[in-house]
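Since the structure comes first, as structure tokens, the remarks are kept for the end.
The values are calculated or read from the model by the stated rules, or taken from the named source; none is laboratory data. Just so it is clear, the model here is predicted, and its values are computed rather than measured. When we count neighbours, we look across all protein chains shown, and the Cβ atoms used for this are built from the backbone with ideal geometry, even at glycine. These area figures cover heavy atoms from the full protein model, side chains too; ligands, DNA and RNA do not enter into them. Shrake-Rupley method; radii C 1.70, N 1.55, O 1.52, S 1.80 Å.
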Amino acid sequence: MEDLKTKLKEQIIEQLNLEGYNVSDIKDDMPLFGDGLGLDSIDALELIVLLENNYNIKITNPEEGKSVFNSINSMADYITNNKK
Amino acid sequence: MSYISTYCHISLNQCFVDGKQTHQFNSLSIDQFLKDLYTALSLDYPKFYKMDRLTKLAFIGTELLKKEHPEITMYNDNEIALLFGNNNSSALTDINFKESYQNGGSPSPSLFVYTLPNILLGEIAIRNKWYGENMFIVNENFDSVYFINYVNILLNKNAEAVFCGWLNVNDEMVEAFLFFVSKKDIIQLNLPFEKSKLIELYQENKL
Amino acid sequence: MDIYITGIGVISAIGFNVQENYQALKNKKTGIEPARFFKYKTKLLVGEVKLSNQEIISQLNVSVPISRTSLLGIVAAKEAWGDNKSNKLIRTGIISSTSVGGMDNSEIYYKQKLQTDNPDLSLITTHESGGTTNRIAEEIGITGFINTISTACSSGANAIMLGARMLQQNKLDRVLVGGSDCLTKFTIEGFKSLMIYSDEWVKPFDNERKGLNLGEGSGFLLLENEKSIAISKNKKLAQLSGWGNASDAYHQTASSPDGKGATLAMLNALKKSNIEASSISYINTHGTGTPNNDLSESVALKNIFQHVVPSFSSTKAYTGHTLAASGTIEAVYAVLALQNNVTFPNLNFSTPITETMLIPELECNPKQNINYVLSNSFGFGGNNTSLILKKA
């Protein structure tokens, strides 16, 4: 699970163009949206693409995405439970 | 009579404001150059990194002029209009977007956002909270007459100033000419906003 | 100086010309259905023009290569131009707009390039936005002032605005203004990636709306000043009395919750028109059917009109969202509303948006004379434009 979380952080930094961020800057339980990492609505859509391209998981309802993308922890849990 | 209060030229690794060089870099790529210029201007705006090359260029150009002459933005939020143009729309990003899904991947929404050239106007407006008019034109070449006519229309209506830009990017180059036209000659450079002067400034520094 | 509309042309999912579009609007006949000609991997609801490229090419007798965007533009431009001829005494121009340009052909080329050894290079010669305008200008026979606007979904409305300004500034006497966009995989994939493409028929201003359906088409209008009309003797179909553009300065693709940019655009148009908000008889809204736009636009309407919002509707449940063409197609519909004293029903509506509780127009018969029509077009990048048309 730790490997997955580290990999996720690397993928997020790259795909979302988070310049100047290191893996150590993103805490596992840090809110990804709002106060925390401060991602926006387009970032949310890119995370959906990230799940599809890297983990073969398709989220079709953006509302579902809200709880999945809460933090690295929630993303890692979701991937572990749904990976195909 | 209105005036070109300030202007700049940006091309790979160099910037000129009002005819004088302000920055020079040895960056090894266009994208690195834009990052280096962003850093040199000490801008604290992480959204910059999400922009595509065309938008970064426009954004950086306006920030460069604002930095050199902060007084140019002393207007109410609906008094500055934006008038930009280029010759190839959002072609570079269009290709990147297409590649994101062509080979079985999922199309990238953050790339799709920039497949319209006028998004750069939106980014400048968002950064500065400017609610004035904004227009983007696609022409084969820089058309001084178009800019003169349109700016005069805008200054006769709601605008006190117009931020203008003609910028082109492709795989191998970036080139921007930005100029700020206002009713008052803010910096006192004494550059009247008329055709021959505009063409002269556009052609300055051209290799 | 007064600006008159003396020619209109349109091709869309609901008809190949003005009359056909008008009949469909009055009879509540939508053009949105699964694609017939456009190939896509899954079933997709689109507002497709029900003609193949080959059919249009034969009809127009034009040479290839040519993009579908240009083809649609030429059909509408020719209808608007009618029997007009070039005349040394009338300074004439053309301003068109597009967001996809010749992307349809470029997509075919790209696929060929990936799969074969000899892709047809001529297909990418039609790609450029400016190129599509040039082609339309060539077919009509307009030289001199030729311009292309590209500001996403407000492009067409901005082309009309620029045309009007060129007349008012005495740079031109008459100008053909228009917009054209065709369906492409590029835009479909893009809107799907933003999760605003609905797999159901679009429901503008409905509380259960899920997103837009894309459409294609073209609209053109001929604008003339009095000097030009004295020579051309064209009939005045309507008058363009006001326009306004403003920036929303909020987000690249979403509209602000307080509808600031939309409000400013409408205010500017009313100011230009020199009328009060209460003079507006009917509004053709932008009304794409996305959760975001329809709420933001509703808020803006209430900002301007308070609790007396006039009759309003979106015609995008007929045509789909035709992107750059939408401002011009809908301006043509505004002319029809003024000429015939009708409103056009907002299809597929059942429940008003909870936050604003506005109910759109559901029928054709207005309760008052249609004297002034407001038409909104709001583009990505926060580019908002409003036009006001008046009875001639």
- Quick one: order C:Thr253, C:Thr328 from most to least accessible surface, probe 1.4 Å. C:Thr253, C:Thr328
- Query: Where does chain B land on Rg/Rh, using Cα atoms and the Kirkwood Rh?
  - Reply: 0.96
- Query: Given a cut-off of 25 Å, what percent of all Cα-Cα pairs of the stretch C:252-392 lie beyond it?
  - Reply: 17
- Query: Taking both sides together, what accessible area is buried at the A/B interface, probe 1.4 Å, expressed in Å² and rounded to the nearest 100?
  - Reply: 900
- Task: Could I get the Rg over Rh figure for the stretch C:24-146? Both from C-alpha atoms, Rh via Kirkwood, rounded to two places.
- Result: 1.02
- Computed helical MRE - 222 nm, chain C, DSSP H runs ≥ 4 contributing -39500 (n - 2.57), nearest 500: -10500 deg cm²/dmol
- Query: Two-decimal Rg/Rh of chain A from alpha-carbon positions, Kirkwood Rh?
  - Reply: 0.91
- Across the residues of B:83-95, average count of Cβ atoms on other protein chains within 10 Å? 3
- Query: By its C-alpha gyration tensor, with a ≥ b ≥ c as the square roots of the eigenvalues, how is the stretch C:103-220 shaped: rounded for a/c under 1.5, else prolate for a/b larger than b/c, else oblate?
  - Reply: oblate
- Interface buried area C-B, accessible surface with 1.4 Å probe, both sides summed, nearest 100 Å², comes to 3900
- Query: So how far, in whole Å, is the C-alpha centre of the stretch C:181-211 from the one of the stretch A:1-51?
  - Reply: 27
- Task: Quantify how strongly other chains surround peptide C:251-257 by giving the mean number of their Cβ atoms within 10 Å of each of its Cβ atoms.
- Result: 5
- Task: Before rounding to the nearest 500, sum -39500 (n - 2.57) across all DSSP H runs of length at least 4 in chain B and divide by the residue total; then give [θ] at 222 nm in deg cm²/dmol.
- Result: -11000 deg cm²/dmol
- Message: Just to make sure I understand: if all protein chains stay in place, what is the order of C:Ser279, C:Ser106 by accessible area at 1.4 Å, largest first?
- Response: C:Ser279, C:Ser106
- Leaving ligands, DNA and RNA out of it, report the carbon-plus-sulfur percent of the accessible area of the stretch C:282-344 at a 1.4 Å probe. 54
- Using +1 on the beta carbon of Lys and Arg, -1 on that of Asp and Glu, and nothing else charged, what's the dipole of chain C about the Cα centre, debye to 20? 680
- Using a 1.4 Å probe on the protein chains only, how many percent of the accessible area of the stretch C:31-118 belongs to carbon and sulfur? 50
- Message: Just to confirm, what accessible area per residue do you get for chain C at 1.4 Å probe, in whole Å²?
- Response: 35
- Task: Find out how many positive minus negative residues lie around A:Glu2, taking Lys and Arg as positive, Asp and Glu as negative, among other residues whose Cβ is under 12 Å from that of A:Glu2.
- Result: +1
- When all protein chains stay in place, what accessible area (Å², nearest 10, 1.4 Å probe) is found for B:Arg53? 40
- Excluding C:Gly381 itself, calculate the net charge of residues whose Cβ lies under 11 Å from the Cβ of C:Gly381, where each Lys or Arg counts +1 and each Asp or Glu counts -1. -2
- Item | Euclidean distance of C-alpha centroids, the stretch B:50-70 and the stretch B:135-206, integer Å | 15
- Task: Return a whole-number percent for the relative contact order of chain A, with Cα pairs under 8 Å and 6 or more residues apart as the contact set.
- Result: 32
- Item | Debye, to nearest 20: dipole size of the protein assembly as shown, +1 on Lys, Arg Cβ, -1 on Asp, Glu Cβ | 2000
